Amino acid sequence: MCAAERHADDSGDTRPTVLVVDDDALNVDLLTVYLEEEGYNVSAAFSGSAALDVVAGTPPDLIFLDAMMPGMDGFTVCRQLKSNPDTRVIPIVIVTALSTSEDRVQGIEAGADDFLSKPVNRHEFVTRARSLLRIKRYEEEVREQLDFTRTVTTSLGEGVCAVDGGGRLTFMNPAAEAMLGWTQEELRGKNTHEVFHFQTANGERVAEEDCALLAVLSSGAAFHSEKEVFTRRDGSIFPIACTSSALVSKERILGAVVAFWDITQRKEEEAQLLSAKEETEAANREISRLNHQLQEENLRLSAELEVTRRLQQMVLPRPAELSSVAGLGIAAYMHPATEVGGDYYDVLQDGNGKLKIGIGDVTGHGLESGVLMLMVQMAVRTLQAAGEGDPERFLAVLNEAVWGNLQRMGSDKNLSLSLVDYEAGCMRLSGQHESLLLARSGKPVQIIETTHLGFPIGMMEEIGEFLAHREITLERGDVAVLYSDGIPEAENSAGEHYGMERVCSLLEKSANAEAEVIKDELLDDLQRFIGAQKLFDDITLIVLKQL
């Protein structure tokens, strides 16, 4: 592993390391001064064999290699390093007083990445170092992304194939190999349509120009179907559900990715159901009803939104769950501004007196925001059930899962999210959302900001560096309030905001009441303020009172 790939050495030093190789100590000293003044770590070797020993012990991020040295010259050292899989990615600059084209060709054949003429110009030398280290860092990032993608696709249970612009296979994961009976190496470069997608379920031949999966290569439009069939190596066919999506770079279609599932069992079950007369008649009636219902596009959309809205309500904590928590009064409320909201909250118990309380706000409203809300709810519940107890790790893993799904969806949505781990009066607050309000008897309401505790979930792949948590102790009678921005930003008919000052003032007045009463008084006051004005954002409120 190269130095740039390490997070830090024992001293915490993360600076790139540059190896200078020259049999002339004065040259080594000069280049070392140049590099150290730029902030780099520098190691040195005074012969070719010594250079190989240094690289074998602690691989550097960049090597400046003198061409002409006694014993093993720079070209030989370069050739050996570039032939070794563990060191061939290290950029090497040949430093030489030689200037003939033959010398340059010799360096290129040895694998050199660049050349520098003696005497060395400081500005040129430093610029080359910066440029090559930057390129190396980019290459390492790309390799890490490729390794991650390869790991994900390899672990998937669904089959995944990638083709180039001509429909020729470039990648196939193990699940696809198992379903089709071919290995990736056997099919690499072959036309996928001619190999396993050339016929219908009835055995009729399908021309390549009529291939629905490859049509994406010309149209760019994603394709999904549950009516296609694939042909195995042994000639048998099986029904699939599949999605084909274009791989696009700079508005140019480079190829496509096809994900597919064997739905043989499901098709058999459907056939058995259809064979029963009563079920067939019931299905026909339902189809007729749905066809009538979906004649207008807005009716279809309303039905989808209603289903999602009901699902959202179904997964919210029930009053009995909230009232069963020993030592803590909990009152909660959520109301979407539209049919489907993007706000999220949940209260999860582990049976040992520990709680996980979450509140979040997805960007936007409607179906896509509602789906993301459900996705986050399920991910939080799954991680909680898996026993993930570290707040920062919990949010980092959650973000990776949400990010991956959003990329698959082609969505630019993200959400603010704060989580509270509670046990016996102790709270650990993590994640970025609205502030937490803390009311203690006889004291002004304390506003605890969360901007430094996290980063929007789903906005970028890695957020670990932004994550932190804060510990808060609740004494008997203390009240903690979590809320979404729909409350302080609610407007009345005059365009005035409800505001945080009003929220805090009401909380101070009602802090001695039970959690349910505090919640109702705040919501009643909010309703009086906005009057008949329409809500433009979702409203979520969680009141916690230490008993």
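Bear in mind that the values in this text are calculations on the coordinates, not laboratory data. Keep in mind that what you see is a predicted model, and the values were worked out from it rather than measured. Because the Cβ atoms are built from the backbone with ideal geometry, glycine has one as well, and the counts that use them run over all protein chains shown.
Of note:
- Between helix 515-530 and the chain: long-axis angle, C-alpha atoms, 0 to 90°, nearest 10: 90 degrees
- Cross-link partners of LYS136 among lysines (Cα-Cα below 25 Å; sequence separation of 8 or more within a chain): LYS82, LYS118, LYS250
- Residue separation of LYS534 and GLU270 scaled by 0.36 nm, minus their Cα-Cα distance, works out to 90.4 nm of gained length.
- Each Lys and Arg contributes +1 and each Asp and Glu -1, all at the Cβ; summed about the Cα centre of the chain, the dipole is approximately 540 debye.
- Counting only aspartates and glutamates at least 8 places from LYS534 when in the same chain, those with an alpha carbon closer than 14 Å to its own are GLU339, GLU489, GLU491, GLU496.
- Cut-off 19 Å (backbone N to label point 7 Å along Cα→Cβ of VAL517), residues of region 527-547: 542-547
- To the nearest ten degrees, helix 48-57 and the longest principal axis of the Cα atoms of the chain are 20 degrees apart.
- Ordering of 232-239, 42-49 by packing [mean C-beta count within 10 Å, highest first]: 42-49, 232-239
- For region 186-232 versus region 359-420, the spacing of their alpha-carbon centroids is 35 Å.
- Here the convex hull built on the C-alpha positions of region 17-153 has a volume of 110 cubic angstrom per residue.
- With the simple spin-label model, which puts each label point 7 Å out from Cα in the Cβ direction, the ASN352 to GLU141 separation comes to 4.1 nm.
- Computed [θ] at 222 nm, helices only, for the chain once each DSSP H run of length n ≥ 4 contributes -39500 (n - 2.57): -12500 deg cm²/dmol
- With a Förster radius of 25 Å applied to the beta-carbon distance between VAL248 and THR382, the computed FRET efficiency rounds to 0.20.
- Whether region 316-546 is rounded, prolate or oblate, judged on the alpha carbon gyration tensor where a/c under 1.5 counts as rounded: oblate
- Listed by chain and number, the lysines placed with their C-alpha closer than 18 angstrom to that of LYS519 are LYS509, LYS545; residues fewer than eight positions away on the same chain are left out.
- The modelled label-to-label distance between GLN527 and ASN84, using points 7 Å beyond Cα along the C-beta direction, is 7.5 nm.
- Prolate/oblate/rounded call for the chain, Cα gyration tensor, a/c under 1.5 rounded: oblate
- Difference of contour (0.36 nm per residue) and Cα-Cα distance, ALA494 to GLN407: 27.3 nm
- Of the residues LEU474, HIS433, GLN384, the one whose Cα sits farthest towards the positive end of the charge dipole of region 316-546 is LEU474 (charges of +1 on Lys and Arg Cβ, -1 on Asp and Glu Cβ, taken about the Cα centre).
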